[in-house]
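Data block below; observations after.
A short reminder: the numbers here are calculations on the coordinates, not readings from a lab. Since we're looking at a predicted model, the values are computed, not measured. Here the Cβ positions follow ideal geometry from the backbone for every residue, glycine too, while neighbour counts run over all protein chains shown.
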Amino acid sequence: MSKTTPRPPRSRARFRAVYAVIAALVLLLPACSAGDGEHRGITDVIKQAIDDVKRHREQKSGTTASRGDSTPLGTDGRTSFDYAAYQRTLSVTLGLLERYWSDEVPELGGSYSKPRAYTYYRSDEGGGPVCGDQPAPARNAFYCPAGDFIAWDESGLMIPYYVSGGDFAASFVLAHEFGHAMQARMPRQEQTGVLRELQADCFAGAWARWVAQQNLLEEGDLDEATLAVFSGRDLPGTAWTDPAAHGSGFERTRAFGDGFESGAKNCYPAPAERWILR
């Protein structure tokens, strides 16, 4: 995210254009794999970034404090990696999430409190926080209701997202998990797993809308988030009734777009008839 003039919130036509771009990318993915020089370059940057973190930090996990400042969220990490800038992006994102949801949860009928902790771990070194009796998953991020904390795999997920997808792609991961934390504070809980996931995407979109209204979104940020949403799609053929289902690429993108277009009230309760397309 460079120091450029922030874009205003996009119209629904803008999201239709993004859907078309995503469809084109899906068709191109097989051709952009092993033989793509740019792909190899990004992979090398990610590996170097993780190696640099290992050399400078000995611990296997840690905590991230939130910052509530009002500066743009960060810098483009696709061709280089600055660990301090990366940490700043995450801490500022968490601060902005706290600001937004402290006002929004009461509007939705819930009682706001921020999560008790934010923590990262490195799955390539083992360990990580335990949620109940479940170990921390590799290459993932999660909200733990039992401990009321948000955790993410730094080496397996967050740094790769930050480097290859951009800083707002990493911000989306936190916004999605923060959405799960806010679900736990609402009077109505969605019982279907895929609806909980799509609602968290919608909540992330609503937060992104608010960030744009604060003039904190920069050129390309929304595209980074939209592609991050799409990249976490279910494998083709996954049933919507699967407890682990998160939604197809277009279902997830639609839910995120609904939140961005109309705010959190458009996400709660979850409009199942609109989001589940299968």
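Details
- Scalar couplings 3J(HN,Hα) for the stretch 91-106, obtained by applying the Karplus form with A = 6.51, B = -1.76, C = 1.60 to θ = phi - 60°, are 5, 5, 4, 4, x, 5, 5, 4, 4, 5, 6, 5, 8, 7, 4, x Hz; x denotes Gly and Pro.
- ASP103-GLN191 pseudo-label distance in nm [points 7 Å out on the Cα-to-Cβ vector]: 3.5
- For the stretch 78-266: relative contact order, % (alpha-carbon pairs under 8 angstrom, 6 or more apart): 21
- Of all DSSP beta bridges in the stretch 78-266, antiparallel share, percent nearest 5: 50
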